[in-house]
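Derivation of every value follows stated rules applied to the coordinates shown; laboratory data play no part. Bear in mind that the values here come from a model prediction, so they are computed numbers and not experimental data. Cβ coordinates were reconstructed from backbone atoms using ideal geometry, including for glycine residues, and neighbour counts include every protein chain displayed.
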Amino acid sequence: MAKVDQDTIERSRERVFLTLRQYPNGLAESELEQITRIQRRTLNNYLRALEDEGKVYKDGIYWLALPFDELRLRHFDLSPEEAMTLYLATRLLAKNHDKRNEPAETALMKLAAALTNKSIAGREIHQAAQELAERPKQEEYDPIFRAVMQGYIYRHVLHITYEPLKGRAFETDFAPYLIEPSAIGMTTYVIGQSSIVNAIRTHKLERIRAAALTRQEYTIPREFRGLELLKSAWSVIYGAELVTVILRFGPKVRKRVLETRWHFSEQKDDDPDHPGYLLWQAQVADTTDMLPWIRGWGSDVEVVEPVPLRAELERETRRLAEVYLQGDSIENFDPDSSDFDDDRAQSLFRGQKQ
């Protein structure tokens, strides 16, 4: 049998896609086989390839076309400095993914190829794509990622199976309204309307166990605030009520804290009662996803307010002491002993015992 050339394969595959576009209600594979006169096994291969390209999806036994149109960037000129900002953005993308993401990898390679004239940024962006390719591959992740992105792009409700951190997995129809990456945990969250509770919920992409497009279309309500919703969040946990957080940073990290704007609402002032110390204050919707950041400063930060957050850190300090002091109780530990000469730690334990 003569080998079919690649051009013929691509034309046949495109014919399958164009045929499905003419049938808004979809076609079963047997019906598509009769119309196109393409052998079933070959037809199935074409359909799976088109599904990977984001052009078609399957609902039950029916295949349907998505309103796919390739996006093309118009020609525009960039200064070397502007091109390097693209590189910085791609580096953040690469660093924020702990697993291989082939759509992101391909997008970066295309962007790198578009940067002509031996661009340094183009070469570096290509390297960022190669770095993504070296991440461990999770076979179930790519199809879920594609389905979620397609649901959002084409405004099609998804049928998902979701497994929360605590509790049993459940199924729901889900309309994605907003997709937000988070540096905490190197993950991506999807905010949208969930049918099981008839309310807006936030789902972590990595906890979605299965996702499939449905025929049901949706529109994002005008009252949905989009990114404005996350303005008061530390990362992705949002809410109408705000909590005032006051932290006292020690002299050793004062300069580092001042170098960065950590939250849009923050205020930084000298601590009038502790020379050399810095008082940091912000209003956030929830302190849950602040905890890793606060913990990261170790004993160079003290939670002043709110009281529940301070109490949580106090409990954690005691648990840490039990771990690192080999079970010795803080109450029985003498911070002034010669075995414990770290000034910051002594101060911390004295504060705990008061």
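Here r is the Cβ-Cβ distance between Q22 and I220 and R0 is 25 Å; the resulting FRET efficiency, rounded to 0.05, is 0.30.
Against the chain, whose longest principal axis is taken from its Cα atoms, helix 40-52 shows a tilt of about 40°. For the cross-link pairs K166/K252; K95/K231; K95/K166; K55/K137; K204/K252, the ones whose C-alpha atoms lie over 29 Å apart are K166/K252; K204/K252. Model label sites at L242 and R37, defined 7 Å from Cα along the beta-carbon direction, differ in position by 6.9 nm. The alpha-carbon atoms of the stretch 80-133 define a convex hull whose volume equals 55 cubic angstrom per residue. Note on L320/I184: beta-carbon distance plugged into 1/(1 + (r/R0)^6) with R0 of 22 Å gives a FRET efficiency of 0.60. Only one of the listed values, (i) 101, 60, 40; (ii) 86, 53, 44; (iii) 152, 45, 32, was derived from the coordinates as Cα extents along the principal axes in Å; which label is it? Recomputing Cα extents along the principal axes in Å here picks out (ii).
Taking label points 7 Å from Cα along the Cα-to-Cβ direction, A49 and D173 give a separation of 3.4 nm.
Summary of packing: across the peptides 266-278, 299-311, the per-residue average of other C-beta atoms within 10 Å ranks them, highest first, as 299-311, 266-278. Packing around the peptides 217-229, 280-292, taken as the average count of other Cβ atoms within 10 Å per residue, puts them in this order, highest first: 280-292, 217-229. Maximal additional length on extending the T85-R123 stretch stands at 12.3 nm, based on 0.36 nm per residue less the C-alpha distance.
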